[in-house]
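Quick one: the structure is below, questions incoming.
The values are calculated or read from the model by the stated rules, or taken from the named source; none is laboratory data. Just so it is clear, the model here is predicted, and its values are computed rather than measured. Every residue, glycine among them, receives a Cβ derived from its backbone with ideal geometry; neighbour counts consider all protein chains shown.
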Amino acid sequence: MSKKIDGALNIDALRIIAKRRLPRFAFDYVDGGSEDEETLRGNRASFERLRFRPRTLVDVSVRDTSTHILGQPAAFPAVVGPTGLNGLQWPDGDMAIARAAATAGLPFAMSTVSMSYIEDLVEATSGRLWLQAYVFREREISDRLIDRAAAAGCEAIIITSDFPTAGKRERDFRSGLLPKQEFPLRTKLNILRHPKWVLTVARNKPRFVNVERELGPGANVNAFVGHGMFDPSLDWDDLARFRERWRGKLLLKGVLRADDAERAVGLGVDGVWLSNHGGRQLDRAISGMEALPEVVAAIGGRTTVIVDGGVRRGSDIAKAVALGAAAVALGRAPVYGLGAGGQAGASRALEILRDEFDRTLALTGCRSVGDLTADLVTGMGGSSPAAST
Ligand SMILES: Cc1cc2nc3c(=O)[nH]c(=O)nc-3n(C[C@H](O)[C@H](O)[C@H](O)COP(=O)(O)O)c2cc1C
């Protein structure tokens, strides 16, 4: 591990290293949100306004961060969530991040728009692999991807429901990544100022290999991915159909309301994933953390609840679990690590979060994940548990 990566004290330090290493368009693709980025900031604010009411004089000399997510063991309550275009951060970025997740003992969710084949990821990681499935207008393509995931031995499918159309990500329009990856001179000059990135990442020509394989030879996959391939007519009947087709674990990602969570449970999902897509879709949507108390009150105990958006500290993980989540999902945190230093950087991000989570357990008087209960957390200023407010 390089000294810089090794010495990174927190996720923000990795973010700053990544920002220096990467051309601006590649960094902004990860770092940015939609429109005014209110929801992006709101995700952090949801964690920051919570405070701990720690228990004192508890013997915490022996602690255990491990847990079960979807019935299988995980080293701590986190999943490495799906992020597209990891190949822009580091050559073979999906493989690097998947290996980091497996080494850390966490499940890895690959994106539909990943740049490594499903089959290769399953084989290379020997960790827990989940496939995030966007649903295409051409349903056969989604079906074939899901069948491939089953054949390769993927553990879970995640249907992402918060993408009926793309959020307006203005940083990407400014850089020229959107709408058609036609870079203006300013972006091109900025890319040339990062020769290492050009020689490693750009030379490898990252591609949406999984979608490309399904589209067949000669198809313009970039145009396909860029121009509304995702089906805005996706609805509950589709979820029911996926439930019938896929026998493994099924998660619905993009839920922010108790009534939707109830409906998903009614259709037999194995978990709901509270998310606003990291503030990249509907700006001014509430955060997963804001939705958590109402969803847990409605369906907690009946299904697995995962929450994401803004997790940058191990203490954030403790807050989410205390309020009823089985685990958090990590979006940008490991991707900043990836951009900073490939697999080693992603591993460092996961190591930082595990270490901070373990410290939070000790400092709140908890020996294990099961000790994290709602009375440990309060909204800022008040003394009542956040779960009841
Ligand atoms: C660069 C990037 C790419 C993403 N790509 C996908 C994707 O392909 N599919 C998906 O369901 N979510 C995607 N997301 C959303 C993440 O899975 C997750 O919901 C979100 O990043 C969590 O917020 P955080 O980044 O603040 O941790 C992406 C997020 C980022 C930052």
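Across region 21-39, what is the total count of residues that are more than 11 Å from the ligand (Cβ to nearest atom) and part of a loop (DSSP other than H, G, I, E, B)? Please lay out each step first, then the result.
Here is the first cut: in region 21-39, the ones more than 11 Å from the ligand (Cβ to nearest atom) are 21-25, 34-38.
Then drop every residue that is not part of a loop (DSSP other than H, G, I, E, B), which leaves 22-23, 34-37.
Number satisfying all stated conditions: 6.
Table: residues versus (1) of a type in the set (G, A, S); (2) in contact with a strand residue (DSSP E or B) (Cβ under 7 Å, 6 or more places away or on another chain); (3) under 21 Å from S368 (Cβ atoms); (4) free of Cβ contacts under 8 Å to residues at least 40 places away in the same chain.
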site	(1), (2), (3), (4)
G248	yes, yes, no, no
V255	no, yes, no, no
A258	yes, no, no, no
V265	no, yes, no, yes
G271	yes, yes, no, no
P293	no, no, no, no
A298	yes, no, no, no
G309	yes, no, no, no
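Just checking, does region 70-86 include any residue being in contact with a helix residue (DSSP H, G or I) (Cβ under 7 Å, 6 or more places away or on another chain), surrounded by 19 or more Cβ atoms within 10 Å (Cβ to Cβ) and modelled with pLDDT under 95?
Pass one, region 70-86, residues in contact with a helix residue (DSSP H, G or I) (Cβ under 7 Å, 6 or more places away or on another chain): 75-78, 80, 83, 85-86.
Going one step further and asking which of them are surrounded by 19 or more Cβ atoms within 10 Å (Cβ to Cβ), we end up with 76-78, 80, 83, 85-86.
Still in the list and also modelled with pLDDT under 95: 85.
The answer is yes; a qualifying residue exists.
Any chance you could count how many residues in region 81-99 are farther than 16 Å from A349 by Cβ and of a type in the set (G, A, S)?
Residues that pass the stated criteria total 2.
Residue-by-condition table, conditions (1) within 16 Å of the ligand (Cβ to nearest atom); (2) assigned to a helix (DSSP H, G or I); (3) of a type in the set (D, E); (4) surrounded by fewer than 17 Cβ atoms within 10 Å (Cβ to Cβ):
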| position | (1), (2), (3), (4) |
| --- | --- |
| L121 | yes, yes, no, no |
| I146 | yes, yes, no, no |
| A150 | no, yes, no, yes |
| F163 | yes, no, no, no |
| R171 | yes, yes, no, no |
| L178 | yes, no, no, no |
| E182 | no, no, yes, yes |
| R186 | no, yes, no, yes |
| I191 | no, yes, no, no |
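So which residues in region 91-100 are more than 13 Å from the ligand (Cβ to nearest atom) and crowded, with 24+ Cβ neighbours inside 10 Å, if there are any at all?
So the first thing to find is which residues in region 91-100 are more than 13 Å from the ligand (Cβ to nearest atom), and the list is 91-92, 95-96, 98-100.
Listed by number, the residues that qualify are A96, A98, A100.
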